[in-house]
Structures are given as structure tokens and as C-alpha cells.
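Scroll down for the structure; my scribbles are underneath it.
The values are calculated or read from the model by the stated rules, or taken from the named source; none is laboratory data. Since the model is a prediction, treat every value here as computed from it, not as a measurement. All Cβ positions, glycine included, derive from the backbone under ideal geometry; neighbour counts span all protein chains shown. The protein model used for the area step is the full one, side chains on, heavy atoms only, and it has no ligands, DNA or RNA in it. Shrake-Rupley method; radii C 1.70, N 1.55, O 1.52, S 1.80 Å.
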Amino acid sequence: MTTTETIWIAIGFLGQGLFFGRWIIQWLASERSASSKVPVAFWYMSLIGGLITLAYAIYRKDPVFIAGQSIGSVVYVRNLMLIYRPNETDKAKGDR
């Protein structure tokens, strides 16, 4: 195995590790609140892990993996946009 291959395998495992770690974050947040919670960190870890895994999939030229990670990244960005978008209550307070 070449050094380049080894580096890309490490990158792939890093992406998968971050992607897996998001479930631990979500689980711990839910346990702390005793209800199902999806913290903002979950979406950031999803996006970062997904993009790293996407880079690995592109390197490997795997169209199935590329499609899945590409679509997922759009969902993660959209969820972050929704989280940071001012809600109607914030708008009403600003109009006073």
C-alpha cells in the first residue's frame, strides 16, 4: 500500500469517526435532558464528517458513496440554516 493510499484511508476513517461521533453527542444530550434532543453540534459533526467522507469517496471514485454524502451535506447545511434563521418571535421583538 502506498503512502497516498494510507493517508486517504486515514482520512476516510476520520470522516467516519466524526460521523459516528455525532450519535454519541445526540445520545448524551438526550440522556441529560431525559428527552430526545438533537444539539447543534450534531449537525456540525454531520456536515464535517460527511464532507471528509465525501472527499474520500471522490478519491475512491465511488458514485454510490458520493451521491449519498452529497445529498446528506445539503440536508446538514439546511438544518444549520434553519437553526440560525431568526424565528417569528425574534422578528416580533425587533419590530417594537
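How many residues, within the range 1-42, are within 23 Å of F65 (Cβ to Cβ) and among the charged types (D, E, K, R)?
So the answer is 2.
Just the residues that are among the hydrophobic types (A, V, I, L, M, F, W, C) and either touching a strand residue (DSSP E or B) at 6+ places or on another chain (Cβ under 7 Å) or surrounded by fewer than 16 Cβ atoms within 10 Å (Cβ to Cβ) (or both), please, taken from the range 15-35.
Within the range 15-35, F20, W23, I24, W27, L28, A34 meet the criteria.
Give just the number: which of (1) open to solvent by less than 90 Å² (accessible area, probe 1.4 Å); (2) assigned to a helix (DSSP H, G or I); (3) in contact with a helix residue (DSSP H, G or I) (Cβ under 9 Å, 6 or more places away or on another chain) does V38 not satisfy?
The one condition V38 does not meet is (2).
Can you tell me which of A55, A10, A29, A41 is under 18 Å from Y76 (Cα atoms), of a type in the set (G, A, S) and over 10 Å from the mean Cα position of the chain (by Cα)?
A55
Could you please find all residues in the range 51-64 being open to solvent by less than 70 Å² (accessible area, probe 1.4 Å) and closer than 12 Å to L14 by Cβ?
Passing the criteria: I52, T53, A55, Y56.
If you go through the range 26-39 one residue at a time, how many are under 17 Å from I83 (Cα atoms) and either in contact with a Phe, Trp or Tyr (Cβ under 6 Å, 6 or more places away or on another chain) or among the aromatic types (F, W, Y) (or both)?
1
Need the failing condition index for T4 against (1) in contact with a Gly (Cβ under 9 Å, 6 or more places away or on another chain); (2) of a type in the set (S, T, N, Q); (3) surrounded by fewer than 19 Cβ atoms within 10 Å (Cβ to Cβ), just the number.
(1)
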